Amino acid sequence: MPTTLTLFQLNDVHGYLNLHQEAFFGPTGLEYRRCGGYARIATRLRELRAQHPNHLLFDGGDTFHGTRPVVATEGGILPPILNELGIAAMTAHWEFAHGPARLRELVSQLNYPLLAANIYHEDSGELAYAPTLLLETAGLRVGIIGLACPIVDKTMPAHFSTGLRFTNGVAELPGHVQRLRNEERADVIILLSHCGFPQDVALLEDCPGIDVCLSSHTHNRLYKPFEAGGALVIQSGSHGSFLGQLTLTVEAGRVVSHTHELHEISESIAPDAALQTRIDAALEPFAALNETVGTTDTGLHRLTSVECPADDFLLASLQALVPADLYFSNGWRYGAPIAPGPVLLNDLYDLVPMDPEIQTAELTGAELHEMLEKNLEGTYSQNPLHQMGGYVKRTLGLKAYFKAENPKGSRLQAVFVQGKALDPARTYSAAFITSQGVPPKFGRNRQKTGQHIVAAMRTYLAQHRPLVVQPHDTFIVV
């Protein structure tokens, strides 16, 4: 007898509790409209659950970080809200920004588990979190395997992974699939992953037996499932602007058909009144974030991997404050766009919610070349499992021509700093934010400036009314 099971997916919400701007690709460029917010998500879930009584909701992670209220409370603002949604399980990435101990506290406040088959305690070698979960619904046994983002101990600030070791899941995945299928008699096996879409496809092609992959991390808006290794792969955008729905028809322990829809959480959806009241109360201490601090004629977004106007603005603000040869920030994907019009203080914090201190360092041309090649490999590696997440490093003061398709270490074709060819022996000054801007292995004489990036952006906005951002064309794909 066929049975239907509907899976709902949230991923990469990045702390966006409320309605916010979202950008969409249009025939003449980006178009902006307001989306998201947990109260609207709750309304849409209630409607869809009524239509699909056999259902499970999963959160792919990047939930406890990304907006100022979430970062300021180290995630504490979220558990009472999330617990109202009926989530079955989650996995993690930026959740570790507050440190492993704090994440343990947050997870203890949730009414659902965090799953991660690829995180180990360094001292004991034991798993830090449960690797799998078995649920029964509608007469089906559903096995879920969690994989957290594997880059936490590789490219993120060191305190994220204190005492922990992360793997890419290659070694762990087959054993859990076999156990769930053969010993736990699972009818459906789900991979709940924050490894990234290319990485998940690579994992699935080498590990048959998984029915569904709920993919996260790379902010893909998949309007139809991708098939890899016999599994259906979905990913549902970011910032809570979308809710993914995958309905399976299962017969004799096999998925025989499916339907899928990517639901936009549009402004027209009426928010759940009780949950909106809870959210509004939680955000009351942050009312000052609604101050208008400027205006922009340029839409500020991070939707493009090589360069984007949001970080062109951020780096120009940095340049106006600190003298240096070069300026760096990380190629973050998170941060809801800022549409043309008024700019709120909250918008600036959305770009860098932790408001890091600006630092300076000195590095040689040879180090600069190595750092850029390493970043390009992490973005475009021909082996998806070697991709380290994020986009091309955001920079100002240089021009680099590169071939994205080339092998590791051979992508840069020509590099110029301040209009002159890169000199491997010369020392250059750099200003940057966070260790992801200039990793600790590069440079020397690292100094803190006492200045913070949100104040720098606010000052720049006050001096440029309205803000107009022209592309810097720092990285040119050839």
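Quick notes on this structure:
- Which of Phe416, Phe475 is most accessible, then next, and so on - probe 1.4 Å: Phe416, Phe475
- For Arg141, nonlocal amide neighbours, meaning residues 5 or more places apart or on other chains whose placed amide H falls under 5 Å from its own, are Asp187, Val188.
- Förster radius 51 Å - calculated FRET efficiency between Ala421 and Arg102, Cβ distance, rounded to 0.05: 0.65
- Cα centroid separation - the stretch 445-476 against the stretch 136-170, whole Å: 35 Å
- Measure of compaction for the stretch 367-412 (Cα Rg per 2.2 N^0.38 Å): 1.07
- Only Cα pairs under 8 Å and 6+ residues apart enter the sum, and on that basis the relative contact order of the stretch 182-266 stands at 25 percent.
- Computed 3J(HN,Hα) for the stretch 77-90, one whole-Hz value per residue from the Karplus formula 6.51 cos²θ - 1.76 cosθ + 1.60 where θ = phi - 60°, is 6, 8, x, x, 7, 4, 5, 8, 8, x, 6, 8, 5, 9, glycine and proline marked x.
- Rolling a 1.4 angstrom probe over the protein heavy atoms with all chains in place gives the stretch 1-141 an accessible area of 36 Å² per residue.
- Dimensionless Rg/Rh of the chain - Kirkwood Rh, Rg from C-alpha atoms: 0.97
- Angle between the chain longest axis and helix 309-321 axis [Cα atoms, degrees, rounded to 10]: 40 degrees
- For the stretch 87-137: rounded, prolate or oblate by the Cα gyration tensor [a/c cutoff 1.5]: oblate
- In summary, no lysines lie within cross-link reach of Lys224, defined as a Cα separation below 21 angstrom excluding same-chain residues under 8 places away.
- Model label points for Glu74 and Ser124, set 7 angstrom from Cα along the Cα-to-Cβ axis, are 2.2 nm apart.
- Share of carbon and sulfur in the accessible area of the chain stands at 51%, probe radius 1.4 Å.
- Dipole axis of the chain (+1 Lys, Arg; -1 Asp, Glu on Cβ), positive-most option in Leu19, His52, Pro79: Leu19
- Debye log10 I(q)/I(0) for the stretch 211-347, one point scatterer per Cα, at q = 0.18 Å⁻¹: -1.17
- Separation of alpha-carbon centers, the stretch 180-224 and the stretch 347-410, rounded to whole Å: 28 Å
- Among beta bridges identified by DSSP and lying wholly in the chain, the antiparallel ones come to about 70 percent.
- By accessible area with a 1.4 Å probe, ligands and nucleic acids excluded, highest first: order of Arg34, Arg446, Arg49: Arg34, Arg446, Arg49
- As a calculated quantity, the FRET efficiency between Ser257 and Arg165 at R0 = 56 Å, using C-beta atoms, amounts to about 0.90.
- Folded to 0 to 90 degrees: helix 453-463 orientation relative to the chain principal axis, Cα: 60 degrees
- Length added when fully stretched, Val468-Phe24, from 0.36 nm per residue minus Cα-Cα: 157.8 nm
- Protein heavy-atom accessible surface, 1.4 Å probe, per residue over the stretch 315-387: 30 Å².
- Here the Karplus curve 6.51 cos²θ - 1.76 cosθ + 1.60, taken at θ = phi - 60°, turns the phi angles of the stretch 352-357 into couplings of 9, x, 7, 6, x, 6 Hz, with x standing for Gly and Pro.
- Among the protein heavy atoms, those of Phe313 account for about 0 Å² of accessible surface (1.4 Å probe, every chain in place).
- Taking Cβ atoms as reference points and 12 Å as the exclusive limit, the residues near Asn220 contribute a net charge of +1, counting Lys and Arg as +1 and Asp and Glu as -1.
- Ranking Phe286, Phe432 from most to least accessible surface, computed with a 1.4 Å probe over the protein chains only, gives Phe286, Phe432.
- Area accessible to solvent at Asp187, 1.4 Å probe radius, in Å²: 40 Å²
- Remark: spin-label model distance Arg46-Arg185 equals 3.8 nm, labels positioned 7 Å along the Cα→Cβ axis.
- Euclidean distance of C-alpha centroids, the stretch 277-316 and the stretch 50-97, integer Å: 21 Å
The values are calculated or read from the model by the stated rules, or taken from the named source; none is laboratory data. As the structure is a prediction and not an experimental result, all values here were calculated from the model. For neighbour counting, all protein chains shown are included, and Cβ atoms are generated from backbone atoms with ideal geometry for every residue, glycine included. The accessibility values were calculated without ligands, DNA or RNA, using every heavy atom of the protein model including side chains. Shrake-Rupley method; radii C 1.70, N 1.55, O 1.52, S 1.80 Å.
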